[in-house]
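Novice: Attaching a single structure in structure tokens format; questions to follow.
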Amino acid sequence: MKNYQFFSKIYDEFMGTKYQDFYEEILFKLFKNEPIKNKAILELGCGTGEIIKRFSEDNKTFGIDISSEMIRAAQKKDKITKYMIMDMADFKLPYSFDVIFCAFDSINHISSASGWKKVFQNSKKHLNDNGLFVFDFNTLEKFSSINNKTLVKNSKNFYTIISTQASRNKCSWDITIFEKEIDNSYKLYKEKIVESSFPVEGVMEMVKKVFGNAKIIKRSKERVFILAKK
Ligand SMILES: C[S@@+](CC[C@H](N)C(=O)[O-])C[C@H]1O[C@@H](n2cnc3c(N)ncnc32)[C@H](O)[C@@H]1O
């Protein structure tokens, strides 16, 4: 089954925008808190476009995602950014970028270390000289900490249950969505999202091998943000 086919229906409502606000701040800091203008910016795994759309007025913005439903949701909200359905481990664009970022554990959706390396290599290939590559990922510790947890959320149109299972370097989110119908019945959707992770030191090594440099710009037990420069 395709990922995010149904979760796309409630993604923005479920996630809120706190995290995306935080990403915007991180990017601003990289540009020394100057307004980011006239840059070519690409987001890998852009989802509903909640982050990239914030830069679309003043920059050339692009977003790629493997889910056609997420891309459709992004296009509805933001008519300026060029959104495309593509695999971040295997994208080819006739443009080069000043900034490429991959936010909110999108890279964890790639299952193998060799796939992560491809994302890094491909990003480097698409960056201008001095271009920046920024990404974050869920750590193995995060997976252990959310093992066997269940989240329930009720909103005007949806009732959602998400339960998580972690084992080794994988974590799966089992998502059940009940969509309220006009006649008070419910439509039921189910899907599973699986993430993979790797030790932080190993990821840093991979990035360094590709870019020749890598810096942790923020680290908590659960999430690490890495910056590399071409
Ligand atoms: C957790 S969401 C993050 C979305 C967005 N970056 C945000 O901050 O809201 C992960 C996204 O990665 C996308 N994704 C998963 N595998 C992908 C791949 N191989 N190539 C491109 N996008 C992918 C999913 O479809 C989903 O939209």
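Novice: I'd like the Karplus ³J(HN,Hα) series for the range 199-205: coefficients 6.51, -1.76, 1.60, θ = phi - 60°, whole numbers in Hz, and an x wherever there's a Gly or Pro.
Specialist: Karplus-based 3J(HN,Hα) across the range 199-205 equals x, 4, 4, x, 5, 4, 4 Hz.
Novice: Another question, if that's okay. Taking other Cβ within 10 Å of each residue's Cβ, how do 24, 205 sort, fewest first?
Specialist: By the 10 Å Cβ count, ascending, the order reads 205, 24.
Novice: Something else now. Along the range 180-196, what does the Karplus equation 6.51 cos²θ - 1.76 cosθ + 1.60 (θ = phi - 60°) give for ³J(HN,Hα), rounded to whole Hz, x for Gly and Pro?
Specialist: Rounded to whole hertz, the list is 5, 9, 5, 8, 6, 8, 10, 9, 9, 10, 9, 7, 10, 10, 10, 10, 10.
Novice: Further question: What residues qualify as long-range amide H neighbours of residue 217, i.e. H under 5 Å apart, gap of 5 or more or another chain, H built at 1.01 Å from N?
Specialist: Amide H neighbours of residue 217, under 5 Å, 5+ apart: 225, 226, 227.
Novice: Using +1 on the beta carbon of Lys and Arg, -1 on that of Asp and Glu, and nothing else charged, what's the dipole of the range 141-196 about the Cα centre, debye to 20?
Specialist: Taking the Cα centre of the range 141-196 as origin, the dipole is about 160 debye.
Novice: By counting other Cβ atoms within 10 Å of each Cβ, how are 61, 176, 164, 139 ranked from fewest to most?
Specialist: The order, fewest Cβ neighbours first, is 176, 164, 139, 61.
Novice: Ranked by Cβ crowding within 10 angstrom, fewest neighbours first, how are 109, 126 ordered?
Specialist: Neighbour counts put them in this order, fewest first: 109, 126.
Novice: Another question, if that's okay. Nearest 10 degrees, 0 to 90: what angle lies between the long axis of helix 113-125 and the longest principal axis of the chain (Cα atoms)?
Specialist: 50
Where a number appears in this text, it was derived from the coordinates with a stated rule and is not lab data. Remember, it's a predicted structure, so these values are computed and weren't measured experimentally. Here Cβ is always computed from backbone atoms with ideal geometry, including for glycine, and neighbour counts include all displayed protein chains.
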